[in-house]
Amino acid sequence: MTKSSLDDQTSPWTEDEFLALDETNHRIELLDGSLWVSPRPNAPHRDISGRLYAALLPGGDDAGVWVRLDVNVRLSAGTVMQPDLILSRGPRVVTVTDATDVLLACEITSPSNVTMDRVLKKELYASAKIKWYLLIEPEMTNYESVTLTLFRLEAGGYHTYAMAKGDETLMLDDPFHVAINANRLLGIRHDRD
């Protein structure tokens, strides 16, 4: 049986039912057979996503790595998350990216998902053996600052590898070299008059 809308269902959702859902104004993820529904990102969140995508795309193209926004990633049976951005070596055309193809998962926190991104998704991505996790935390009152924390998978889970905020730059050398200035993700340039 295939579901095409968010109707009442007492049994766990299958991946096929999840993928058959109609388009909505919400972000929908599958967690252990249950749906996790959150609002679509706001404009500042989408701006950060777009600027991060633009910063990563040239290096990704040179390294043969896909830079993708808002794609479904299968972390395990019955669990499909939708990171804000991934770096992947998987196929060009895919409905669901397998976690084994994901080199880096990135989440940008929003008022509705702070705990999920800081704790639950971080644990899920580590369990799926995704080597890098980039957590971007904007100050959500007026979006005038942002903190970037890059985690690397090591024994026991993710450990902080690098941080940047304000005019600091986060350096990433794996799977390719890129420098990400925190203020630039917000469109803030201090050299403007």
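The values are calculated or read from the model by the stated rules, or taken from the named source; none is laboratory data. Given the structure is predicted, the values throughout are model-derived calculations rather than measurements. Here Cβ is always computed from backbone atoms with ideal geometry, including for glycine, and neighbour counts include all displayed protein chains.
In this structure, Leu75 does satisfy being crowded, with 20+ Cβ neighbours inside 10 Å and closer than 19 Å to Leu30 by Cα.
Residues checked against (1) buried (at least 16 other Cβ atoms within 10 Å of the Cβ); (2) touching a Phe, Trp or Tyr at 6+ places or on another chain (Cβ under 8 Å); (3) modelled with pLDDT under 95; (4) not aromatic (Phe, Trp, Tyr):
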| residue | (1), (2), (3), (4) |
| --- | --- |
| Tyr53 | yes, no, no, no |
| Gly60 | yes, yes, no, yes |
| Leu85 | yes, yes, no, yes |
| Gly90 | yes, yes, yes, yes |
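Scanning region 4-51 for residues that are modelled with pLDDT under 80 and surrounded by 12 or more Cβ atoms within 10 Å (Cβ to Cβ) yields Leu6, Gln9, His26. Checked against the criterion of being surrounded by 17 or more Cβ atoms within 10 Å (Cβ to Cβ) and farther than 16 Å from Val102 by Cβ, region 150-160 has no qualifying residue. Given the criteria touching a Ser or Thr at 6+ places or on another chain (Cβ under 9 Å) and of a type in the set (Phe, Trp, Tyr), does Tyr143 qualify? No: the conditions fail for Tyr143. Restricting attention to region 115-165, and to residues there that are part of a loop (DSSP other than H, G, I, E, B) and among the hydrophobic types (A, V, I, L, M, F, W, C), which single residue is farthest from Gly50 (Cα to Cα)? Per the stated criteria, the residue is Ala155.
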